[in-house]
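**Q** Structure provided below as C-alpha cells; questions to follow.
The values are calculated or read from the model by the stated rules, or taken from the named source; none is laboratory data. If you're wondering where the values come from, they're calculated on a predicted model, not measured in any experiment. Glycine also receives a Cβ, built like all others from the backbone with ideal geometry; neighbour counts cover every protein chain displayed. Please note that ligands, DNA and RNA were not included when accessible areas were found on the heavy atoms of the full protein model with its side chains. Shrake-Rupley method; radii C 1.70, N 1.55, O 1.52, S 1.80 Å.
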Amino acid sequence: MLTYIVLLGPPGAGKGTQSKVLASELDVPHISSGDIFRDNIKNGTPLGKLAEAYISKGELVPDDLTIAMLRERFLQPDCKNGAILDGFPRTPVQADELEVLLNSFGGHVNLVLFITSPVNILIERLAGRWTCRAQGHIYHECFNPPKERGICDIDGSALFQRDDDKAETVLNRIEIYQTQTAPLIQYYDERGVLVRIDGDTSIKKVTEQLMSGLKC
Ligand code: ADP
Ligand code: ADP
C-alpha cells in the first residue's frame, strides 16, 4: 500500500525529530523541504540563492519554487511507495498541488499528524536546537543533547545552529505559520485525515502518540 504521511505543526513542534523515527519505522524516505532548501543553499545552486533571501527572514519560499522542487524530489524512485513529508505542504496551494502530484502515481495523503505545543515551548526548543551538518540529525542542548558537545552522535559531523533560529526570526516564522500554514488544519480535518498529537511532552511520549496515530 502507498503511504504518504504529512507532519504538520509550527516550527519547533518536533516534526523533523519525529519524521526521522517514523521514516525508519515505516521504511520510507523522510522528505524535508527545509533540508532540501538548506542543501541547495550549501551547494550554491540557483534555487538555493533564490530561497536564501526568504529563509533568512523567516518567510516562506514562494509556492511555485517550492512546488517545483518537491515535484523533482518525487521523480526519484524511492518515494513511489510512500514518504514522510516534513514541512511540506505549508500552504493550501501546496496541499492542492501535492494531491495532484501523488494522484499522478496512484497515491494520496493518507494521514496528517498535527503536532502542537504552546508558543513559549516552541521558542525554547528553537533557541537550543543544534543540527548536524552532514544529514540534518536534530539535537537540543538541554532536551536531547549529543554525547559530545558540537558533534553528531550518528555520523560524527559538526553540529551548527541555524541562522533562522535567532529569536527575532523565530517570532516571524511562528506568525507566518499561524497565518499561512495553520489553515491546513481545517483543510485536512475536512478531508478526514487529521490526527492531533500533543507535542508538549517528551520526545518518546510524542513518538508513542504518533505510533498510535498510524493505526487510525
Ligand atoms: P520542527 O521540525 O517541528 O521545527 P524539530 O524536530 O527540529 O522541530 O525540534 C525542534 C527542537 O526541539 C530540536 O532541538 C529538538 O531536539 C527539540 N525537540 C523536539 N521534540 C521535542 C520534545 N518532545 N521535547 C523536547 N524537545 C524536543
Ligand atoms: P522548521 O521545521 O523549523 O519550521 P524547516 O526546516 O521546515 O523549519 O523550514 C525552514 C525554512 O525553509 C522555512 O522557514 C521556510 O523559509 C522554508 N521552507 C521550508 N519548507 C517550505 C515550504 N513548504 N514552503 C515554503 N517555504 C518553506
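**Q** State all residues of the range 196-210 that are touching a strand residue (DSSP E or B) at 6+ places or on another chain (Cβ under 9 Å) and surrounded by fewer than 20 Cβ atoms within 10 Å (Cβ to Cβ); if no residue qualifies, say none. Outline the logic, then answer.
**A** Of the residues in the range 196-210, the ones touching a strand residue (DSSP E or B) at 6+ places or on another chain (Cβ under 9 Å) are 196-200, 203, 205-206, 209-210.
Of everything in the range 196-210, those that are touching a strand residue (DSSP E or B) at 6+ places or on another chain (Cβ under 9 Å) and surrounded by fewer than 20 Cβ atoms within 10 Å (Cβ to Cβ) turn out to be R196, D198, D200, I203, K205, Q209.
**Q** While we're here: Can you tell me which residues in the range 180-204 are part of a strand (DSSP E or B) and within 14 Å of ligand 1 (Cβ to nearest atom)?
**A** Matches in the range 180-204: I197, D198.
**Q** A follow-up question, please. Please specify each residue of the range 1-19 satisfying the condition of being open to solvent by 10 Å² or more (accessible area, probe 1.4 Å) and more than 14 Å from ligand 1 (Cβ to nearest atom).
**A** M1, L2, T3
**Q** Now for a different question. Filter the range 20-56 for residues that are under 17 Å from Q76 (Cβ atoms) and hydroxyl-bearing (S, T, Y); which is nearest to ligand 1 (Cβ to nearest atom)?
**A** So the residue we want is S32.
**Q** On to the next question. What pairs come up if the first residue lies in the range 73-84 and is at pLDDT below 95, the second is of a type in the set (K, R), and their beta carbons are under 8 Å apart, counting only those six or more places apart or on different chains?
**A** Within 8 Å, the pairs are C79/R73.
**Q** Working only within the range 30-59, note down all residues that are within 11 Å of ligand 2 (Cβ to nearest atom) and not in a helix (DSSP H, G or I).
**A** I31, S32, G58, E59
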